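The block underneath contains the structure these notes are about, expressed in structure tokens.
The values are calculated or read from the model by the stated rules, or taken from the named source; none is laboratory data. Quick caveat: nothing in here was measured; it's all calculated off a predicted structure. Quick reminder, even Gly has a Cβ in these numbers, built from the backbone with ideal geometry, and neighbours come from all protein chains shown.
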Amino acid sequence: MPETRNIRLKIAYDGTNYCGWQIQNNGPTLQAVLERAIFKLTGEQPALYSAGRTDSGVHALGQVANFQTNSTIPAANFRGALQAFLPNDVIILESAEVPLDFHSTFRAVRKQYRYLIDNSGVQLPFLRSYAWWIRRKLNVAAMQDAAQVLVGTHDFRCFETDWPNKATSVRTVSQITFSQQPLWNMLTNCQPGQSAAPSPVESGDNGDLPIIAMDIFADGFLYNMVRAILGTLVNVGRDRWSRDDVARILAAQDRTLAGCTAPACGLYLVQVWYD
């Protein structure tokens, strides 16, 4: 009988058309789509574990998942073989064999999420499912400064939806960084006879750099934690709250005092690290 093997996948997906990662009865999920592909390829129905159960509408650039199989397919070939049974909005980036005790969920030691805000004066239709459109110009420097209050080991229950969802709401955030980007180069206009290449950006004004990205790194995240943090920091960017207000909210440990839960469309699971 073939030996049991453990296969790790690195996956990118557009979460727009899915009700999140975890299998549920109210619509299509990423776990269900992937497990169905594994069954079609191997004839087996193994459980597929992920590094994070992304919510409905959340995207991934580097989700990690693993499953056990008795298939003799070479590990690297799972990438292309599974892709043949997957829709175009779910892409297998890598496949590799790992030790049997590897578990995508429990062995993760650090994760990176990115949240995108479209701070343009007019919303482009291409970004509606991939960024939160906020028309009013945000004070990104103030958001960056206030975010540093959250770096370190804290009880983050004030940013957790329906607390408690985990054994503990203590997490260690190692870094929060805001940056600004221009719109895609393909959207840059040029006149006949001119180069299509955009000129270098010389200003930090949001008119030049309308895409705001928040990157956050931590040893783990609570339910809706990143989106609640971003919703809180947006109030700082709107000059409604200050760095001191963020510190007060964190100390109060009361979700009702924090900002809104930002829309799912702007959130991306970027990368997961393991020992």
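State whether one or more residues within region 39-54 are part of a strand (DSSP E or B), touching a Gly at 6+ places or on another chain (Cβ under 9 Å), surrounded by fewer than 20 Cβ atoms within 10 Å (Cβ to Cβ) and not assigned by TED's automatic domain parsing to the domain that holds Ala147. Show your work before the answer.
Going residue by residue through region 39-54, those that are part of a strand (DSSP E or B) are 49-50.
Filter once more, keeping what is touching a Gly at 6+ places or on another chain (Cβ under 9 Å): none.
Taking every residue of region 39-54 in turn, none turns out to be part of a strand (DSSP E or B), touching a Gly at 6+ places or on another chain (Cβ under 9 Å), surrounded by fewer than 20 Cβ atoms within 10 Å (Cβ to Cβ) and not assigned by TED's automatic domain parsing to the domain that holds Ala147.
Could you tell me which residue of region 65-82 is surrounded by the most Cβ atoms within 10 Å (Cβ to Cβ), considering only residues that are in contact with a Ser or Thr (Cβ under 7 Å, 6 or more places away or on another chain) and aliphatic (A, V, I, L, M)? Result: Ala65.
Return the residues of region 129-174 that are touching a strand residue (DSSP E or B) at 6+ places or on another chain (Cβ under 6 Å) and within 12 Å of Ile229 (Cβ to Cβ); say none if nothing qualifies. Scanning region 129-174 gives Met143, Ala147, Leu150, Val151, Phe156, Arg171, Val173.
Does Gln83 meet the test of being closer than 26 Å to Asp275 by Cβ, modelled with pLDDT of 95 or more and outside the structural domain of Trp132 (by TED's automatic domain parsing)?
When the stated conditions are applied, Gln83 does not pass them.
Residues that are among the hydrophobic types (A, V, I, L, M, F, W, C), closer than 16 Å to Ile212 by Cα and surrounded by 18 or more Cβ atoms within 10 Å (Cβ to Cβ) occur at least once in region 100-117. Quick check, is Leu138 in contact (Cβ under 8 Å) with a residue 12 or more places away in the chain, surrounded by 15 or more Cβ atoms within 10 Å (Cβ to Cβ), not polar (S, T, N, Q) and not in a helix (DSSP H, G or I)? Answer is yes for this residue. Summed over region 218-236, the residues that are part of a helix (DSSP H, G or I) and either surrounded by fewer than 19 Cβ atoms within 10 Å (Cβ to Cβ) or in contact with a strand residue (DSSP E or B) (Cβ under 8 Å, 6 or more places away or on another chain) (or both) give a count of 7.
In region 137-150, is there at least one residue being under 30 Å from Phe78 (Cα atoms), of a type outside the set (A, V, I, L, M, F, W, C) and modelled with pLDDT of 95 or more?
No; the residues of region 137-150 include none that is under 30 Å from Phe78 (Cα atoms), of a type outside the set (A, V, I, L, M, F, W, C) and modelled with pLDDT of 95 or more.
Only residues that are surrounded by 15 or more Cβ atoms within 10 Å (Cβ to Cβ) and either in a loop (DSSP other than H, G, I, E, B) or touching a Phe, Trp or Tyr at 6+ places or on another chain (Cβ under 7 Å) (or both) were counted across region 148-172, and they come to 7.
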